[in-house]
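The values are calculated or read from the model by the stated rules, or taken from the named source; none is laboratory data. What you are looking at is a predicted structure, and each value in this text was computed from that prediction instead of being measured. Note: ideal-geometry Cβ built from the backbone for every residue, glycine included; neighbour counts use all protein chains shown. To get the accessible areas, we keep the full protein, side chains included, count just its heavy atoms, and leave off ligands, DNA and RNA. Shrake-Rupley method; radii C 1.70, N 1.55, O 1.52, S 1.80 Å.
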Amino acid sequence: MSSAEIAANALNTAAIVLAGRNSVHTWWTGILGCGVFAWVFYGTQLYADVTLQVFFIGSSVVGWWRWRRTREHLPVPVRFTQPATVAGLAAAGVVTTLAYGWLLYRFTNAYAPFLDSVVLAFSVIGTFLLVDRRVESWWCWLIVNTVAVPLYASRTLYLTAALYAVYWVNAVIALRCWWRLAQRTA
């Protein structure tokens, strides 16, 4: 366990807890954590995760701006996504997983390219939904965390794997919280 892995996990844990609490501070803490995680994942040959960290940094800038933007001084409300959109996003996640996994398998020495690609694809979808304060983002994080725990443990990133197990619990709690918030605004 390196000091970089510890720092990345501390920052990202703060960001994830803040996201579950619907706090705008999730974004800047996430930017810092993702920068450090990009370095950690590069060193363990989880290249889809490196790509994902770069995406997270960019989307965190957008999320920070979006969550701070208000209409009549009210934050963008937490809300549900239409079922047809959810189905389309799920299909896009599967296709992206297969395509990116194949690219990593074919052209790199990536470890577990398809599992790594599940983490990438559903993290991207989850982030887009999170930026727009959609309840369904937490379903994506449940998928990501379920795959990430054994994947990271297999690369001896034990602290990261343990925290992703905690993030799974956080996603369940956040899903319930956001569900209630969305029902109030529906």
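The table below gives the values:
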read-out: Prolate/oblate/rounded label for the stretch 1-133 (Cα gyration tensor, a/c 1.5); value: oblate
read-out: W65 paired with A153, simple spin-label distance in nm, labels 7 Å along Cα-to-beta-carbon; value: 4.0 nm
read-out: The chain - percent relative contact order, Cα under 8 Å, separation 6 or more; value: 24 percent
read-out: 222 nm mean residue ellipticity, helices alone, for the chain (DSSP H n ≥ 4; -39,500 (n - 2.57); rounded to 500); value: -27500 deg cm²/dmol
read-out: Between the stretch 1-72 and the stretch 138-182, the alpha-carbon center distance in angstrom; value: 14 Å
read-out: List I143, I125, I31, ordered by accessible area with a 1.4 Å probe, largest first; value: I143, I31, I125
read-out: Estimated FRET transfer efficiency when R0 is 30 angstrom, pair F114-T185 (beta carbons, to 0.05); value: 0.20
read-out: Simple label model, 7 Å out from Cα along Cβ direction - V24 to V54, nm; value: 3.0 nm
read-out: Per residue accessible area of the chain, 1.4 Å probe, in Å²; value: 51 Å²
